[in-house]
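Written below as structure tokens is the structure these notes are about.
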Amino acid sequence: MERNSSGIGINKNKQMVEQLQQYGVFSSKKVAEVMETVDRALFVADGTPAYVDSPMAIGYSATISAPHMHATCLQLLEQNLQPGMRALDVGSGTGYLTACFAIMVGSQGRAVGVEHIPELVSSSIKHIEKSAAAPLLKEGSLSVHVADGREGWPEHAPYDAIHVGAAAPEIPQPLIDQLKPGGRMVIPVGKMFQDLNVVDKNLDGSVSIRSEISVRYVPLTSRDAQLKGY
Ligand code: SAH
């Protein structure tokens, strides 16, 4: 299928976004806009049913999260992804959400992806280069790095928004430290049973945590453990 030149992929991507809205997964106009702009099919291998609302294997015991989870996290972070703001995507995998963040914060902002599998970082950069976020990667307001995301990415801290795409047994302290006062982190926490935690750093530096929904993510772990299949 000629995905972009024919427009078929873009139409299916739009249908997927409309369905998520109809099902009540999200209501934000900004989230709809960015998800329509970033074609999900560009972030998975050819032949993968990109628009089906389910996580899909991307190799290395990793998955691309389901569209409804991407939409949920984008909406939870929307106020912290305004133009000029800074966003960190830990466990950036395919690069899909990093690209969405970069478009939302724009060229005056910054979007940083951190992923510990070098092959996934290389492929995510290729995906982003084909997507609507390509100019931001070129200009340098979007970057993706090979590193242990449990340490965050101090170079561009503090962040208005932090997203973690893998489940941590507990919230890594460096990520709390790298959150700006007024900033928000969305992070799945737990082992077998996980909750999507919303961590708000108050202006006085204290932290409020609430649990949004039960979720199932791959673990935030060491590269070795992941490559051994956990
Ligand atoms: N948001 C991504 C999710 C990918 S799955 C997407 O939808 O494409 C979670 C990712 O976290 C995997 O790619 C995995 O390799 C990565 N990961 C797990 N532990 C990590 C760690 N300690 N540091 C960096 N990345 C990690």
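Here are the numbers for this structure:
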read-out	value
Residue within the stretch 61-71 that is open to solvent by less than 60 Å² (accessible area, probe 1.4 Å), under 12 Å from the mean Cα position of the chain (by Cα) and within 16 Å of Met104 (Cα to Cα) present	yes
Pick from the stretch 37-49, criterion open to solvent by less than 60 Å² (accessible area, probe 1.4 Å) and in contact (Cβ under 8 Å) with a residue 24 or more places away in the chain, ranking: nearest to the ligand (Cβ to nearest atom)	Phe43
Matching entry among Ala225, Ala147 (being within 17 Å of Thr63 (Cα to Cα), modelled with pLDDT of 95 or more and near the ligand (Cβ under 10 Å from one of its atoms))	Ala225
Filtered residue count, the stretch 175-211, keeping only those that are over 18 Å from Thr63 (Cβ atoms), in contact (Cβ under 8 Å) with a residue 60 or more places away in the chain, buried (at least 19 other Cβ atoms within 10 Å of the Cβ) and not small (Gly, Ala, Ser)	3
Qualifying residue in the stretch 80-90 (condition: more than 12 Å from the ligand (Cβ to nearest atom), in a helix (DSSP H, G or I) and in contact (Cβ under 8 Å) with a residue 12 or more places away in the chain)	yes
The stretch 108-149: number of residues that are part of a loop (DSSP other than H, G, I, E, B) and either in contact with an Asp or Glu (Cβ under 9 Å, 6 or more places away or on another chain) or closer than 21 Å to Gly9 by Cβ (or both)	6
Subset of the stretch 212-230 (residues that are open to solvent by 30 Å² or more (accessible area, probe 1.4 Å) and in contact with a Leu (Cβ under 7 Å, 6 or more places away or on another chain))	Glu212, Ile213
Out of Ile162, Ile176, Ile103, sole residue that is more than 11 Å from the ligand (Cβ to nearest atom), within 16 Å of the chain's Cα centre (by Cα) and in a helix (DSSP H, G or I)	Ile103
Looking only at the stretch 111-134, and only at residues there that are near the ligand (Cβ under 9 Å from one of its atoms) and touching a residue at least 40 places away in the same chain (Cβ under 8 Å), the one that is nearest to Ala147 (Cα to Cα)	His116
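The values are calculated or read from the model by the stated rules, or taken from the named source; none is laboratory data. Keep in mind the model is a prediction, meaning the values are calculated, not measured. Here Cβ is always computed from backbone atoms with ideal geometry, including for glycine, and neighbour counts include all displayed protein chains. Note: accessible area is taken over every heavy atom of the protein model, side chains too, but ligands, DNA and RNA are not part of it. Shrake-Rupley method; radii C 1.70, N 1.55, O 1.52, S 1.80 Å.
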